[in-house]
Structure formats: C-alpha cells, structure tokens
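Colleague: Quick one: this structure, given as structure tokens, is what I'll be asking you about.
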Amino acid sequence: MGIEVLTLGQSDLVRGTYGPDYSNRYVIAMAITAPGHLDRRRIEAAAQNMERSHPALRTSLTSLTSVFLSRQVVSDHVSGQSRAIHVSVFPDGDDIQDVMDRHVRAMAEQFDVVDGQTWGTVHIRGDNRDYVVFVFNHVLADLVSAAQFVRTFTRSYARERCSPSMKDTYVEFLSELESQWLRTPGADVNWWLQRPWAGISEMPQLQTVDDNQGSAAMQRIDRINGAVIASNFDEGLVISALAQAVQESTSLDLIRIDAAAHGRHDSLRRGAGGWVAHALPFILSNSNHAADVEATKAAADSWPASFQRVRNQPNLPLQQQISGHAFVNFFGSFNPANWKSDGFTASPVQPKYQPSGGTSLTPIRLKIQKQASDWVFAWSFSPRFGTPSLPNDIATQTIAALSIESAKAKRNRILVTAAK
C-alpha cells in the first residue's frame, strides 16, 4: 500500500529542505509521569498495542533523495518487524532532565526513516515514580498526533488490553483525500491554486541559510492581560495584526502566514497520524487583511484536498511553496502541560533536543497560549536576521495592533448592546 507524505513538515523534510541526516534526527519528544512505578512487561505490551493501533507508526519512507516534484511515497511496513526502540534506565543520581536529553539524543541518532527504527520509548525509573519518554521521528508525528499515540499507550497500560484500544482514522482520511485527488478540481480547489503563490517575496534583511547553520534562534516573550483582549480574539486577529506589522516594517506587497489552530479540524483529521495539512496558509494583500483572513478560513476545509496540487505546480519555486514569512501556532486555552490520561500526566520535565545542521526557512515563529489570565506570545526569530532590530519591531507593532483591534471590538460590542 502506498501513502503520500501529506503534512507540511513531512514534505519539507523529504524534499531536501533539510539533509537526510537532519531528517532522521528531527524528532517530536513527549514525557509523561506515571502515578507510581511501572511494570516493564506491561510497558512493552502497551507500546506494541500503540503500534498496532496507529498505522503511522508502521510506515517508512521509500527514499530521502528520490523526490519527483513534491511527491514522496510512504510505504506500509508489512514485514512484521517493529520499528521501535525501547530502553529502560535508572537515573543513578543524575538529573532527570539530563537523562531525558541524553537518551532522546541517542535515540534520534539511531533513527532511519527509510530502513530502520523511527520511534521509541525511554522508561526512566525514579525514586518514587517513573517517567516514560516517547520519541517519534517528525515524519510520523507532530505534537498533536504524538499526544494521541501516547493516550493509546496509557489506556492500554491501565486496562491491559492486548487488542487495539482505539480506532485510528489515518488510512480512512488518506483514502478520502486520494478519491478527491482523482477528481477534476472543483471551484474550492481552484481557489487555492489561484492564490498568488509566485508573488510571495522573501523578507528583506535575511542572510543566507549557510551563514547561520546551527545558530540559535532569537527568542522573545510578550504578555497581554486577558481583560484587554477582544472577546472574539482568535488566530484571525493575530494574523491580521502580524501581517500589518510585517508590511509596515518591510513594504512587502504580499504576506504569507501559515497558521495552525488547535481544534480547527474535526475528529477524523485530528485522528490522522500526520494531522494532514494542519497549517493553513494565509496570503494577505495590504489592501484588506481582514477580508483575506476570512476568505481563507472559509476555504479551510478544502485545503487538505488542494495541498498536493498546490505543491505540484511545476513553476512554483521551493521558497514560495514551503516557507511563509511567519508561522503562527494558536493554542488558545489548550495547554499541553495539562495533558492527562488514566492516571498518567504530562511530565513537568520535558526533553530538550534540537538537532544540528538545519535552519528553518520560516523567519518568524509565534506560539500563542492562554496562561491564567494572560495571553502569552512566544516569539522565535530566525538567526538569518543577523540582528534583532527588524523582528523586534514587527513583534512590538503586532502587540500594539492587537491592543487597538481589541479596543475597537469592545467599542463595537458596547454600541451594538446599546442599540438593542
């Protein structure tokens, strides 16, 4: 059986944006805390059940180099041999953080997404309770799908089920998309094909990737009290404000912002092993940001079926296909740290791992989360900027624009209420 690589992250990896070594070591790692000590036999049984339950964990790439246009096939792993690595360790007085980081790094270095292992677990036996670290190559999972895989593990461990405990919709969703790809493109798909992809220019003041290989990204945190944020605050307001800030700082005519919003897709899409095309590309002109945002959100359901056709446009340069000016991850009130399942919780200590040898082509990354009464904006700026001057200007203007938009929304709400 052949399955297309569909997620933005997967396609970027296999298309040569990063080299084969970096592709193998690019992982998603998640640590959970057990309610006590764990039985090794039950850990292995639960991990096997997780692998049986989720087809994505049984797949492999056919190649990291033979890529035609933007298509790269993933084949079902049917040999019956597990693609997982399982290790059990005692900290022996070492810091839990150091133990996690060391073993995640060692596991990532063993991964081979074509011919070898692609995921694994690290069982750390603590003094009073145990930890389990799950490590998935990014070809298999992103943060959301990883959390779903781990939930299958915890349910299997708690209930000692040997048969698949959850229905995975990965294959069903891919079959649904495949049938759509075989049809003549309709108006919804053509809308995406006709977006001005080729008109997206690179952000100015960026140095070449080679000049910054391995350099650390620049970080910034902003907080806005929830009381001054509009009640309809969502990814759309953020995208409009960020686009305005980028255009005022750079004079670019078109801005592309890729955005992932927690809860945008239904259960079928959330259940897909690769969380297909979860990042929605917003292309905004300087004439009417709000209208462009609303039109894109209205077309969101047709993006997964349009994704491959957009990527397969032969005259579209790689830069316009894979990298916008910014990536926004809008978590809202969802907090991965609050994850819990069958007595297990997300560990307060999480692995810290960054593979060397790759620099993201996306200049600005922004994660937005509600923490207590504040909205937290966590910025990450590419080292290709060289200095923080331009990205800091963009961040400052974005926060200022959001405050203005929030004030407008509140005034409008008061006027509407008064008119009733």
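Colleague: Being β-branched (Val, Ile, Thr) and more than 16 Å from the chain's Cα centre (by Cα) is the filter; apply it to the range 326-358 and report the residue that is nearest to Asp101 (Cα to Cα). Break it down stepwise before answering.
Modeller: Pass one, the range 326-358, residues β-branched (Val, Ile, Thr): 328, 345, 349.
Narrowing further to those that are more than 16 Å from the chain's Cα centre (by Cα): 345, 349.
Details: Thr345: 19, Val349: 10 Å.
Only one residue tops the list, namely Val349.
Colleague: Further, regarding this structure: Kindly indicate which of Ala418, Ala401 is more than 16 Å from Ala230 (Cα to Cα), part of a helix (DSSP H, G or I) and at pLDDT below 90. I'd like the intermediate steps shown before the answer.
Modeller: Values: Ala401 fails: more than 16 Å from Ala230 (Cα to Cα).
Answer to the selection: Ala418.
Colleague: Which of the strands (runs of 3 or more DSSP E) found entirely inside the range 51-119 contain at least 3 residues meeting this: at pLDDT below 85, under 23 Å from the mean Cα position of the chain (by Cα) and under 18 Å from Ile32 (Cα atoms)? Break it down stepwise before answering.
Modeller: On the way: elements: 59-61, 73-76, 84-89.
Result: empty, no element qualifies.
Colleague: Same structure, new question: Tally up the residues in the range 182-217 that are buried (at least 17 other Cβ atoms within 10 Å of the Cβ), at pLDDT 85 or above and not in a loop (DSSP other than H, G, I, E, B), please.
Modeller: Count: 4.
Colleague: Under 6 Å between Cβ atoms, at least 6 apart or on separate chains: pull out the pairs that start in the range 148-168 with a residue that is closer than 18 Å to Arg40 by Cβ and modelled with pLDDT of 55 or more and end on any residue that is surrounded by fewer than 22 Cβ atoms within 10 Å (Cβ to Cβ) and of a type outside the set (A, V, I, L, M, F, W, C).
Modeller: Thr154/Ser341; Thr154/Asp342; Ser156/Ser165; Tyr157/Arg42; Ala158/Asp342
The values are calculated or read from the model by the stated rules, or taken from the named source; none is laboratory data. Please read all numbers here as calculations on a predicted model, not as lab measurements. Here Cβ is always computed from backbone atoms with ideal geometry, including for glycine, and neighbour counts include all displayed protein chains.
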